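*Asks:* The structure follows.
The values are calculated or read from the model by the stated rules, or taken from the named source; none is laboratory data. Since the structure is predicted, the reported quantities are computational estimates derived from the model, not experimental observations. All Cβ positions, glycine included, derive from the backbone under ideal geometry; neighbour counts span all protein chains shown.
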Amino acid sequence: MTGTMTGDGRRARLEARGVTVRFGGLAALSDASVDVRAGEVVGLIGPNGAGKTTLFDVICGLRAPDAGSVVLEGADITGRSVHRRARLGIARTFQKLEVFGNLSAVDNVRVAVEMRRRWDRSPMRPLAEAAAVLERVGIAAVAGEAVAGLPTGTARLVELARALATNPRVLLLDEPSSGLDDSETSEVAGLVRSLCDDGLAVLLVEHDMSFVMDICERIFVLDFGRIIAEGSPQDVRVDPAVQAAYLGTEAAPMNGHRQAP
Amino acid sequence: MSPNASDAVGRAERRDTAADVPRRRRTPVPVRQAVVLSGLAVGAVVVSAASWAGTPVTVGNVGGMVVVGLSLGAIYAVSASGLVVVYTTTGVFNFAQGAVGMYWAFVYWELRVNRGWPAPVALALVVLVLAPLGGVLLDRAVMRRLRNLPLVLQLMVTVGLMVAFMGIAATQWQGDRGRTVLPFFGHTGSFEVIGVTVTWHRLITILVAAAIALLLRLLLFRARLGVAMRAVVDSRSLAALNGANGEAVSATAWAIGSSLAAVAGILIAPESQLVVDVLTLVVIDAFAAAAVGRMRSLPWTFAGALLLGVGQQFIRRFLSFDDGFANMHEALPTILLFVVVILLPQAQLRARGVSAQLARRTLRLTDVKESTVGVAALFMLVLAWTGGTLPFTDAWSSVGINRGVTMMVTAIIMLSLVPLTGWAGQVSFAPLAFAGVGAVIFAKITGDTGSAYGLVLAAALTAPVGALMALPAVRLQGLYLALASMAFARGFELLFFTQTAVIDPNRGGRQFAPLSIGGWELTGTGRGYLLALTVVFGAMVTGLVALRRSRWGRRWVAMKDSEAAAATLGINVIETKVAVFVLSAAMAGFGGALFGLQVGTLNVLQFELLVGLPIVLLLVVGGVSLPAAALFGGVNTVLFIVIKDRWDYSWLSALEVLGPGIMAVVMVLNPAGAVAEIGRGFARFLPWRADARAAYAAEVAANREPEPGELGLSRPFTAADMVATERALSVANELARPGHDGAAAAMTVERPAP
Ligand SMILES: Nc1ncnc2c1ncn2[C@@H]1O[C@H](COP(=O)(O)OP(=O)(O)O)[C@@H](O)[C@H]1O
Ligand SMILES: [Mg+2]
């Protein structure tokens, strides 16, 4: 199978095609398709409950879709298990933290590095490598501390470091800035940009609109499990369907937490 | 029922299937289930045909089977429905259900038989007053505190309660034989229908179960409180917010559960005997029945229970097994439990968010150097003790040495749970089953030559048995795994160790020659053996300390903290779990071989499920993730024996179960484990542990009363705080929905009205 050529002819590194997921009677995703190319940051936004996290679960293999497929660099990986996909280069962070609370920060990352050594044959010293990743994310200071006791924002950065340590080809970030303060947020933004410059493909779910608008080249808008808009930040911002989805939020544009009408 | 209400029920069911244990993948045609079921049916037919006893299939025989089977099944159903009510409303799975019933059956005996009260008065007092009160008390004192503990500890505390109740009953009613409770209306009270004798007792039993089924149905679907109870099932966090109401619901559930346990215990006492172990193990039947109902459906639970009762009677009446399988009817619930567990769909990896199980203070890992120093000190201590240079000089008498050996062997077997349960988070109640397999293998292969290679072989050959148990384990999580391990242990007890080919009951005398290592002869009870065991134990502890610091140790802990996240790093969760089960089985098998050397002769009783429970509990009380906790556990095991022997009071007679049971229940107050606490207190006096001193100072500062005017916000917002906040927010979400009346609230809250 070959990957779909996207608009400007670059091949998508990762595609989700026509993904549908149902929970009982509720369709969390209906025929949702997204794609992300190498070196690109793609935003995925939408109100709470739109299905963003569910889509991430489908891409990384934690949930089998009722319909649709996941394609990595042209190869259909829909049937692969979570760990196989990870070894193929899909890494993610979690909206609700999934840190290894009983391990220290550096050990959280080290577990990832040690696993990577199994398929990535490059010579390395896991501990040093893990420390380097922590350094890159900016939390080397807490390397020895148990993650359970760390502030939420820092724990989020540990998750980010852990995902990076797998040396991914596609990185899925689920609300990376929640719990982070402003300076940490801008550091993460800088980091994501530099990762993309190195050729990583990043798919990002985020409620902080200025963060998204700043950093993303393209944005997908999800509502009720459907993709209702796709395009550049400018296009999406003025899209009437998007405005309608974020109902009553003209005053506070798209903060993601919709008030009851 | 109003359309609105039925809608709410429908929604609740949807939530049940989608969002709660067990996680299931929805396949339109459950092919695997169908294959397994038909395979089992064929197997059952083949086994029945092969073991057909030749009893004539007459109306009388079949009718008798049905009547007795239904009445037995009715009892299991009553007990199991108590289990289900408590589990669905409070989230705590009560392993002590059988033991509670056992206790109230004894109380009933005391009043009815020993004091000669009239049956109705004794019954009413026990079932309607004492048992519910006891349930409420349990809820208040223990169960409420369990809610925020990790599952491993929840399970251990209720198992502790089970063992404690056994100890209490054995203390209160000494001499566990010869008591009988007469059936209602005596043995002779019976009538005949179409040639089938029905005793009044059995008829009453069946009627009582039917009445209870009806009452529970009415309570849960009509009464206000019952509706509240079901609401708790739908949304525990929502109910938790309703403070007082939630407490009333929880107390009611425990009162009902306890009362149902009492009814079951009193009804079954005349059918079996008034014996602590027997009545306690009724809980296995209840587990199997509840598992058929997937722990939440009462009708299916009843169906499972009745099937079980009739199946047991079928085996007793129409089949005959040779000696090794003579327990087949007793093993049926175990088999059923296993079947259900195998039929359960694969547990899905699932992101759950950080859970409350995060320990705020993670212990610093011991390093190999420290551990070496520690075990060297231990060896010197044992050396001095066996040499008679320490107080308690009867130590070097043969009794003392034997106790020392018991301590070390127990500690070694306990060590097998440290990686499995402590690091990888896989609950197992079956360490003694593995130990038994190791002992048997050692006895068979090299026991009478005394070759030390036999020990290695015992470990190596027990390892595959661990893989066997990992089969259900890789598919299950939490509670179902714990149940599977219990079924596994009980199955080995009833069907494996009973085989003459495995342990020959007629073979007396020592099955183990003294061990010869490098020209030394070690008899299983000698001083040299104790010293050798100390060395072995020390080496294993140090090896585990190193393993915990290795990538396997980290991987296991990571998998325990989040299987989903571990998998997204490329960790093959199945492979990783199998590895830890294999390691654990090998260690237990090795320990079992050493145990065999000590006792000389193997018998079935040594490896029973119930014998193994105190061992598991004492390790957990010490702190299941710490190798040093095994020493704590070993010391305590022996300590209880010593106390009992030294002060020969009759009320101490059940101390070996009472002690561990109570310690495990008290653990609810100190989940980190005793060794961890002791270690934390002690570490700051070690010269090289500046970190411990700093941590201590920080703790003192944190516990200091805040100065007036000082805001309590200086503390960082931790992951655990986030859990609490998330929970509160989700509750707020549900409440924010207009007329919050159902389960799907969280899904729809942000949506504008269509
Ligand atoms: N395990 C589940 N069971 C039932 N419904 C679920 C489950 N997980 C998510 N949902 C529902 O699916 C929808 C999408 O959820 P999610 O992907 O978490 O949204 P988002 O991340 O965009 O906020 C929501 O309505 C949510 O309630
Ligand atoms: Mg989400």
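*Asks:* Name the residues in region A:61-85 that are away from ligand 1 (no atom under 13 Å from the Cβ) and within 9 Å of chain B (Cβ to nearest Cβ), would you?
*Replies:* A:Gly61, A:Ser81, A:Val82, A:His83, A:Arg84, A:Arg85
*Asks:* Residue check: is A:Glu114 away from ligand 2 (no atom under 16 Å from the Cβ), of a type outside the set (Ser, Thr, Tyr) and at the interface with another protein chain (Cβ under 7 Å from one of its Cβ atoms)?
*Replies:* Details: away from ligand 2 (no atom under 16 Å from the Cβ): yes; of a type outside the set (Ser, Thr, Tyr): yes; at the interface with another protein chain (Cβ under 7 Å from one of its Cβ atoms): yes.
So A:Glu114 fits the description; yes.
*Asks:* Just to be sure before I move on: is B:Thr205 more than 26 Å from the chain's Cα centre (by Cα), at pLDDT 75 or above, assigned to a helix (DSSP H, G or I) and not acidic (Asp, Glu) in the structure I sent?
*Replies:* Working: more than 26 Å from the chain's Cα centre (by Cα): yes; at pLDDT 75 or above: yes; assigned to a helix (DSSP H, G or I): yes; not acidic (Asp, Glu): yes.
Yes; evaluated as a whole, the condition is true for this residue.
*Asks:* Looking at this structure, is A:Pro176 within 16 Å of ligand 1 (Cβ to nearest atom) and either buried (at least 24 other Cβ atoms within 10 Å of the Cβ) or under 25 Å from A:Val58 (Cβ atoms) (or both)?
*Replies:* On the way: within 16 Å of ligand 1 (Cβ to nearest atom): yes; either buried (at least 24 other Cβ atoms within 10 Å of the Cβ) or under 25 Å from A:Val58 (Cβ atoms) (or both): yes.
Yes.
*Asks:* Say whether the condition of being outside any helix (DSSP H, G or I), in the same structural domain as B:Gln598 (by TED's automatic domain parsing) and in contact with a strand residue (DSSP E or B) (Cβ under 9 Å, 6 or more places away or on another chain) is met by at least one residue in region B:474-496.
*Replies:* Pass one, region B:474-496, residues outside any helix (DSSP H, G or I): B:476-477.
Now narrow it down to the ones that are in the same structural domain as B:Gln598 (by TED's automatic domain parsing): B:476-477.
Remaining after also requiring in contact with a strand residue (DSSP E or B) (Cβ under 9 Å, 6 or more places away or on another chain): none.
No, the conditions are met nowhere in region B:474-496.
*Asks:* Related question: From the residues in region A:88-106 that are closer than 21 Å to A:Leu180 by Cβ, more than 16 Å from ligand 1 (Cβ to nearest atom) and more than 7 Å from every other protein chain (Cβ to nearest Cβ), which one is surrounded by the fewest Cβ atoms within 10 Å (Cβ to Cβ)? Explain how you work it out, then say what you get.
*Replies:* Taking region A:88-106 as the starting set, the residues that turn out to be closer than 21 Å to A:Leu180 by Cβ are A:91-101, A:104-106.
The next check asks that each one be more than 16 Å from ligand 1 (Cβ to nearest atom); those that pass are A:91, A:99-101, A:104-106.
When the remaining residues are screened for being more than 7 Å from every other protein chain (Cβ to nearest Cβ), the result is A:104-106.
On the way: A:Ser104: 21, A:Ala105: 29, A:Val106: 24.
Filtering first and then ranking leaves A:Ser104.
*Asks:* Go through region B:521-591 and tell me which helices (runs of 4 or more DSSP H), entirely inside it, have 2 or more residues that are more than 14 Å from chain A (Cβ to nearest Cβ).
*Replies:* Of the helices (runs of 4 or more DSSP H) lying wholly inside region B:521-591, those with at least 2 residues that are more than 14 Å from chain A (Cβ to nearest Cβ) span B:527-548.
*Asks:* Still on this structure: Checking B:Ala672 against (1) assigned to a helix (DSSP H, G or I); (2) at pLDDT 75 or above: exactly one of these is not met. Which one?
*Replies:* (1)
*Asks:* Checking the conditions here, which among A:Glu135, A:Glu129 is away from every other protein chain (no Cβ under 14 Å), outside any loop (DSSP other than H, G, I, E, B), within 20 Å of A:Ala112 (Cβ to Cβ) and among the acidic types (Asp, Glu)?
*Replies:* Numbers: A:Glu129 fails: away from every other protein chain (no Cβ under 14 Å).
A:Glu135 is the lone residue from the list that is away from every other protein chain (no Cβ under 14 Å), outside any loop (DSSP other than H, G, I, E, B), within 20 Å of A:Ala112 (Cβ to Cβ) and among the acidic types (Asp, Glu).
*Asks:* If A:Met124 satisfies every condition in (1) more than 16 Å from ligand 1 (Cβ to nearest atom); (2) at pLDDT 95 or above but one, which is the exception?
*Replies:* (2)
*Asks:* A further question on this structure: Working only within region A:21-66, note down all residues that are within 16 Å of ligand 2 (Cβ to nearest atom) and among the basic types (Lys, Arg).
*Replies:* A:Lys52, A:Arg63
*Asks:* Continuing with this model, one more query. Whether any residue in region B:172-180 is of a type outside the set (Gly, Ala, Ser) and buried (at least 19 other Cβ atoms within 10 Å of the Cβ) is what I want to check.
*Replies:* The initial filter retains those residues of region B:172-180 that are of a type outside the set (Gly, Ala, Ser), namely B:172-174, B:176-177, B:179-180.
Within this subset, residues satisfying the condition of being buried (at least 19 other Cβ atoms within 10 Å of the Cβ) are none.
Within region B:172-180, not a single residue is of a type outside the set (Gly, Ala, Ser) and buried (at least 19 other Cβ atoms within 10 Å of the Cβ).
*Asks:* From the list A:Val109, A:Val42, exactly one residue is more than 7 Å from every other protein chain (Cβ to nearest Cβ), more than 13 Å from ligand 1 (Cβ to nearest atom), at pLDDT 95 or above and in contact with a Phe, Trp or Tyr (Cβ under 8 Å, 6 or more places away or on another chain). Which is it? Steps first, please.
*Replies:* Numbers: A:Val109 fails: in contact with a Phe, Trp or Tyr (Cβ under 8 Å, 6 or more places away or on another chain).
Sole residue among the options that is more than 7 Å from every other protein chain (Cβ to nearest Cβ), more than 13 Å from ligand 1 (Cβ to nearest atom), at pLDDT 95 or above and in contact with a Phe, Trp or Tyr (Cβ under 8 Å, 6 or more places away or on another chain): A:Val42.
*Asks:* Taking A:Ser178 and the conditions (1) within 16 Å of ligand 2 (Cβ to nearest atom); (2) under 22 Å from A:Glu73 (Cα atoms), which numbered condition does it fall short on, given that it satisfies the others?
*Replies:* Unmet for A:Ser178, out of (1) within 16 Å of ligand 2 (Cβ to nearest atom); (2) under 22 Å from A:Glu73 (Cα atoms): (2).
*Asks:* Scan B:Val57, B:Val113, B:Val121, B:Val159 and give me the residue that is without any contact (Cβ under 8 Å) to a residue 12 or more places away in the chain and either under 25 Å from B:Val275 (Cβ atoms) or surrounded by fewer than 16 Cβ atoms within 10 Å (Cβ to Cβ) (or both).
*Replies:* Values: B:Val57 fails: without any contact (Cβ under 8 Å) to a residue 12 or more places away in the chain; B:Val113 fails: without any contact (Cβ under 8 Å) to a residue 12 or more places away in the chain; B:Val159 fails: without any contact (Cβ under 8 Å) to a residue 12 or more places away in the chain.
Exactly one of B:Val57, B:Val113, B:Val121, B:Val159 is without any contact (Cβ under 8 Å) to a residue 12 or more places away in the chain and either under 25 Å from B:Val275 (Cβ atoms) or surrounded by fewer than 16 Cβ atoms within 10 Å (Cβ to Cβ) (or both), namely B:Val121.
*Asks:* Here is a further query. If only one of A:Arg169, A:Arg193 is touching a Leu at 6+ places or on another chain (Cβ under 9 Å), touching a residue at least 60 places away in the same chain (Cβ under 8 Å) and more than 10 Å from chain B (Cβ to nearest Cβ), which one is it? Show your work before the answer.
*Replies:* Numbers: A:Arg193 fails: touching a Leu at 6+ places or on another chain (Cβ under 9 Å).
Every option except A:Arg169 fails the conditions.
*Asks:* Restricting to region A:94-123, name every residue that is within 17 Å of A:Val142 (Cβ to Cβ) and among the β-branched types (Val, Ile, Thr).
*Replies:* Scanning region A:94-123 gives A:Val99, A:Val106, A:Val109, A:Val111.
*Asks:* Surrounded by 17 or more Cβ atoms within 10 Å (Cβ to Cβ) and modelled with pLDDT of 95 or more, is that true of A:Leu191? Spell out how you get there, then give the answer.
*Replies:* Details: surrounded by 17 or more Cβ atoms within 10 Å (Cβ to Cβ): yes; modelled with pLDDT of 95 or more: no.
It is false that A:Leu191 is surrounded by 17 or more Cβ atoms within 10 Å (Cβ to Cβ) and modelled with pLDDT of 95 or more.
*Asks:* So which residues in region A:205-227 are modelled with pLDDT of 90 or more, within 13 Å of ligand 1 (Cβ to nearest atom) and of a type outside the set (Asp, Glu), if there are any at all?
*Replies:* Passing the criteria: A:Val205, A:Phe220, A:Val221, A:Leu222, A:Phe224, A:Gly225, A:Arg226, A:Ile227.
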